[in-house]
Amino acid sequence: MSYSLSDFGSYTVSGRVIKITEGEPQDVSFTRSAKYTHDPRGHFAVEHAYVQYYVPADRNNAPPIVLVHGGGMHGSTWETTPDGRPGWVNLLVGQGYEVHVLDNVERGRSGFAPRLWEGEPLLRSQEEAWAIFRIGPPEGFDTLTPFSGSLFPVEAFDVFARMIVPRWLTTTLLHVDALVALLKRVGSAIVMCHSQGGEITLDAAKRVPERFAGLIGIEPSTTLDDPLILRGIPTVLFAGDFLDCAPHWRTRDRVWRSWVRSMAKADIPASLVSRPKGQAGHTHFPMLDHHSEKCLEVCLQAYSDLKAAC
């Protein structure tokens, strides 16, 4: 697909500068022919997040859309699919939306500093990703045999595996700080979040609700303890298929339904949507599945309907 941009670029948000006073200089070779003395002491910029933005030439009048990836992933979640189809970034920009794609703290192009946070980084194995993301049963991994009817591009599973990056389990507050800083810079926006990004997005909504023109949660991994957090924020949740494959997914399905019921009781616009009618087979990554454009269409239409009803 093709479209014209009036602006395109990147910026960083949040973070701090720290001073390191420990360590000793040492001679290092940073190429085969170039050496220098590296000093591990000094001032370092850390804990910032990287954002790439796209402004279409034929921009629509909707608020910008901010895309927040899930755990162990980065902004490529929303870009080209593993088998080379246009991702949701392309589709959104093609529809005239201004889009800001986040690589949150210690993910992707944000980078990380060793020994800065508690604990060790976790890198998800391909076997774990196969099962936990509902691509197929554990016993199907060796032969890449997915669930019957799955729409995930299993022929490109190795490419998908390269989108998985190490993650820390102790940096959520930093992620929230970064999203809040992004929204303060961009202004009121529709925040579209995936998986762990749902928890980060909810926490950001507690702090800057005025910056949320809407929330679209793609299988968010969090609970909504207080629906009033989202007062005045049209909220759409999207759920995929194969949710009966494991107890934790059945629990998550009940949590999403509870979200919508609790918001309805508080007279806050919300809806839970799933695949387009007659289209089954979506995994935890509907933005990467075949017919992903239809899932995006369902989410945007549901948001538009809620907005019109407000």
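The values are calculated or read from the model by the stated rules, or taken from the named source; none is laboratory data. Quick caveat, the model's predicted, so the values are computed rather than measured. Reconstructed Cβ throughout: ideal geometry from the backbone, glycine too, with neighbour counts over all protein chains shown. Note: areas computed on protein heavy atoms with side chains; ligands, DNA, RNA excluded. Shrake-Rupley method; radii C 1.70, N 1.55, O 1.52, S 1.80 Å.
Please work out the FRET efficiency for the pair residue 120 and residue 261, using the Cβ-Cβ distance as r and a Förster radius of 30 Å; give the result to the nearest 0.05. Present the calculation step by step, with values, prior to reporting the outcome.
Numbers: r = 39 Å, r/R0 = 1.30.
Here the calculated transfer efficiency is 0.15.
What do you get when you divide the Cα radius of gyration of region 1-101 by 2.2 N^0.38 Å, with N the number of residues?
Scaled against compact globular proteins, the figure is 1.55.
Search the structure for amide H atoms under 5 Å from the amide H of residue 81, placed 1.01 Å from N in the peptide plane, and list their residues when 5 or more places away or on another chain.
For residue 81, the qualifying residues are 87.
Express as a percent, rounded to the nearest 5, the fraction of DSSP beta bridges in the chain (both residues included) that run antiparallel.
Here the antiparallel bridges make up roughly 50 percent for the chain.
Using the Karplus equation 6.51 cos²θ - 1.76 cosθ + 1.60 (θ = phi - 60°), what ³J(HN,Hα) coupling, rounded to whole Hz, does each residue of region 73-81 give in order, writing x for Gly and Pro?
10, 8, x, 5, 3, 9, 9, 4, 5
For the chain, give the percent of accessible area contributed by carbon and sulfur heavy atoms, probe 1.4 Å, rounded to a whole number.
Summing carbon and sulfur atoms, their accessible area is 50 percent of the total for the chain.
Regarding the chain, what are the three Cα extents along the principal axes, ordered largest first, in Å?
Projected onto the principal axes, the Cα atoms of the chain cover 63, 48, 42 Å.
Search the structure for amide H atoms under 5 Å from the amide H of residue 281, placed 1.01 Å from N in the peptide plane, and list their residues when 5 or more places away or on another chain.
241
Just to confirm, what accessible area per residue do you get for the chain at 1.4 Å probe, in whole Å²?
Ligands and nucleic acids excluded, the result is 47 Å² per residue.
Which whole-Hz ³J(HN,Hα) couplings does region 152-166 yield from phi under the Karplus relation 6.51 cos²θ - 1.76 cosθ + 1.60, θ = phi - 60°, glycine and proline marked x?
Whole-Hz 3J(HN,Hα) from phi for region 152-166: 5, x, 4, 5, 10, 4, 5, 5, 4, 4, 6, 8, 7, 10, x.
Working out 0.36 nm times the residue gap between residue 20 and residue 34, then minus their Cα-Cα distance, what length gain in nm do you get to one decimal?
2.5 nm is the gain from fully extending residue 20 to residue 34.
Would you kindly derive the ³J(HN,Hα) couplings of region 116-127 from the backbone phi angles with the Karplus curve 6.51 cos²θ - 1.76 cosθ + 1.60 (θ = phi - 60°), listing them in order in whole Hz, with x for Gly and Pro?
8, 10, 5, x, 10, x, 10, 10, 6, 6, 5, 4
Under the rule of -39500 (n - 2.57) per DSSP H run of 4 or more residues, summed and divided by the residues of the chain, what mean residue ellipticity at 222 nm is obtained, to the nearest 500 deg cm²/dmol?
Computed mean residue ellipticity for the chain: -8500 deg cm²/dmol.
Excluding residues on the same chain fewer than 8 positions from residue 19, give the aspartates and glutamates whose Cα lies under 19 Å from its Cα.
39, 47, 106, 118
As I understand it, the value is the acute angle between the Cα axis of helix 247-265 and the longest principal axis of the Cα atoms of the chain; what does it come to in degrees, rounded to 10?
70
Whose amide H sits under 5 Å from the amide H of residue 272, counting only residues 5 or more places off or on another chain, with H placed in the peptide plane?
237
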